[in-house]
Amino acid sequence: MQRRHKEEKNMENVKSNLQMIDLYFSKIECVQIKDQNNLGQINLTIKYDIDTIQDQTDKYSVEKVLSVYISDDKNRLAIEIKLNGIFKLEFEDGKENDSIAKHLLDLNTITIMMPFLRSEVSLITTQPGIAPVMLPVVDVTKLVDSINEQKRKNEQKCHKGHSFVEWSFI
């Protein structure tokens, strides 16, 4: 009994300040067109997007929307998935740190969400008639930096809408 109490106390010391409040898929769409002439290997394009919905009453609470768009080079397959995660940072009184908060809310949230997104893509593409797709492991820091850079460029051009970061896979 003493050992269990000690383990619980030790877990309190390593508990993250970042808490996931909720995680849900707001969109799952898969369109496949059968083409008997083009069976076999397909070339995929995978695009990611990240949106942040800031809680107006708590600067340490956000909703992140991680999106993936997958298509093939012959327009036979189109997948769009949006995963929403609601996160909250909790600091001890007087220990708030905006630079740590930005890092946790920008990177760690996406790092937490990515395995769920990868799993959902694998799940829906293992259905009959669809070639299974396994999203490659992504360097979340580079992904977030790329998307943020693309959004900055789009803002400078006065374009509105999504800023996709695209990778092609064979």
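The values are calculated or read from the model by the stated rules, or taken from the named source; none is laboratory data. Note that this is a predicted model, so its numbers are computed, not measured. Note that each Cβ is placed from the backbone with ideal geometry, even for glycine, and that neighbours are counted across all protein chains shown. All accessible areas refer to the heavy atoms of the entire protein, side chains included, with ligands and DNA or RNA removed. Shrake-Rupley method; radii C 1.70, N 1.55, O 1.52, S 1.80 Å.
Observations on the model:
- Selected residue (only one of 95, 142 is part of a helix (DSSP H, G or I), free of Cβ contacts under 8 Å to residues at least 12 places away in the same chain and surrounded by fewer than 17 Cβ atoms within 10 Å (Cβ to Cβ)): 142
- Out of 121, 137, one residue alone is open to solvent by 90 Å² or more (accessible area, probe 1.4 Å) and within 18 Å of the chain's Cα centre (by Cα). It is 137.
- Set 47, 74: member being farther than 27 Å from residue 151 by Cβ and charged (D, E, K, R): 74
- Breaking point among (1) open to solvent by less than 80 Å² (accessible area, probe 1.4 Å); (2) at pLDDT below 80, for residue 67: (2)
Condition check ((1) within 19 Å of residue 26 (Cα to Cα); (2) out of contact with any Asp or Glu (no Cβ under 9 Å at 6 or more places or on another chain); (3) open to solvent by 60 Å² or more (accessible area, probe 1.4 Å); (4) modelled with pLDDT under 95) across all residues:
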position: 51; (1), (2), (3), (4): yes, no, no, yes
position: 77; (1), (2), (3), (4): no, yes, no, yes
position: 81; (1), (2), (3), (4): yes, no, no, no
position: 84; (1), (2), (3), (4): yes, no, no, no
position: 90; (1), (2), (3), (4): no, yes, yes, yes
position: 99; (1), (2), (3), (4): no, yes, yes, yes
position: 127; (1), (2), (3), (4): no, yes, yes, yes
